[in-house]
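In what follows, a single structure is set out as structure tokens and then discussed.
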């Protein structure tokens, strides 16, 4: 095992970062057509930084990566994965609310 | 290393056809996919079945795997036989690295494993690697393009708030003087900045797989997973705390000390507060360009009537307060 490497570039992809559509495709296991379809479905809101050069906000990455994994691993299509994502998010929100209510209802 | 029974993992017979294998994989993937599943150990199970499917869906890999024979049992100690892989077009198992290889594995997360309690996922198993060369970091790098690596790193909420470091072991291929390739492990320490949220990516430039022919190395992407917290519930950058208060604090108002991720703060509960009501501590959630807030959800806790004095107080309240908690239920169908 080699020594500890320190000081290399680490960058948190966050609010304010925009990522090129090609890089998004690599990061999320999607092809460009799928990204455009997701834009049509309203899942992402790309911007055209230069003519023909589309960018996606980095804040969309977590959702797009779930969609990419669902498409790749389960064989669902773009709209199916987008629908599954919305349902999963709704399910998590409901679970969160249930946990909150359970905490309110519990003895301690 | 231990033998892996890929047929057992997918729950199919050794004679199963490609369609049956695909159907079994799809069925299990639907059940154990980490983005969907609530099953315990879903992530580990899913990785196992991905590895099994990687072998059984590929006629060459499957034929080579079948050549090992049907007598092996899952978990038995295993070493590849000396003539392993002869006659098949894939190569690059242990000691055979550098051979032409196709149909390379596509691990979901590859090339990194976290220490320090992190939960980064790893490559396929040593068993797979010994037979098929692992999910080679050269996989998919045709034409000299570098390949990015992805790993998952778990942090607790306090670490997400104040930032932390993780030590990661990265496995990289290195070309030896004789032209063969071996996987070398090296260690990097990653600084995770304050304010990371669930699913956010950290990019480590140049820490992915090297590109062939001197092309620049790919990047390593760490996907952050914020582990559930005992007290705080996280939603985006906001956190919610369920906060118990006494009835008189809620009724009369009170100044209380509230735990936050940044340390305790004083908060005023307005008079007439109700159980379930939320109060906001602005900017006390996860830091960021737009810092999150902390919501304090009040939970009125009744003192037990377990002493003569407590019972007397409750009796006094009953007689003097003229309080009907069910006043708004009176109406058409029910008279309480």
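Here are a few things to note about the model shown:
- Residue match in region B:234-251 (condition: at pLDDT 90 or above, closer than 26 Å to residue A:17 by Cα and away from chain A (no Cβ under 14 Å)): no
- When region A:20-32 is filtered for residues that are part of a helix (DSSP H, G or I) and without any contact (Cβ under 8 Å) to a residue 24 or more places away in the chain, the ones remaining, listed by number, are A:22, A:23, A:25, A:26, A:32.
- Selection of first residues in region B:182-204 that are more than 7 Å from chain A (Cβ to nearest Cβ) and surrounded by 17 or more Cβ atoms within 10 Å (Cβ to Cβ) and of second residues that are modelled with pLDDT under 90 and part of a loop (DSSP other than H, G, I, E, B), restricted to Cβ pairs under 6 Å at least 6 apart or on distinct chains, gives the following pairs, ordered by first then second residue: B:195/B:288.
- Region A:81-92: number of residues that are within 15 Å of residue A:38 (Cβ to Cβ) and either touching a residue at least 40 places away in the same chain (Cβ under 8 Å) or more than 12 Å from chain B (Cβ to nearest Cβ) (or both): 4
- Within region B:295-309, the set of residues being surrounded by 13 or more Cβ atoms within 10 Å (Cβ to Cβ) and away from every other protein chain (no Cβ under 14 Å) comprises B:305 only.
- Only one of the listed residues (A:78, A:44) is more than 9 Å from chain B (Cβ to nearest Cβ) and either loosely packed, with under 14 Cβ neighbours inside 10 Å or under 27 Å from residue B:220 (Cβ atoms) (or both). That residue is A:44.
- Pairs are defined by a Cβ separation below 6 Å, a sequence spacing of at least 6 or placement on different chains, a first member in region B:135-164 that is farther than 17 Å from residue B:184 by Cα and more than 14 Å from chain A (Cβ to nearest Cβ), and a second member that is surrounded by fewer than 19 Cβ atoms within 10 Å (Cβ to Cβ) and modelled with pLDDT under 50; the pairs so defined are B:154/B:119.
- Look at (1) in contact with a helix residue (DSSP H, G or I) (Cβ under 9 Å, 6 or more places away or on another chain); (2) part of a strand (DSSP E or B); (3) within 14 Å of chain A (Cβ to nearest Cβ) and you find that residue B:256 fails only one, number (3).
- In region A:47-63, residue farthest from residue B:30 (Cα to Cα) [restricted to those that are more than 10 Å from chain B (Cβ to nearest Cβ) and within 15 Å of the chain's Cα centre (by Cα)]: A:55
- Region B:271-284, residues that are assigned to a loop (DSSP other than H, G, I, E, B), closer than 10 Å to residue B:295 by Cα and within 14 Å of chain A (Cβ to nearest Cβ): B:277
- Residues located in region B:245-260, provided they are under 18 Å from residue A:100 (Cβ atoms) and surrounded by 15 or more Cβ atoms within 10 Å (Cβ to Cβ): B:245, B:250, B:258, B:260
The values are calculated or read from the model by the stated rules, or taken from the named source; none is laboratory data. From a predicted model like this one, the values you see are computed outputs, not experimental measurements. Positions of Cβ are backbone-derived with ideal geometry, glycine not excepted, and every protein chain shown enters the neighbour counts.
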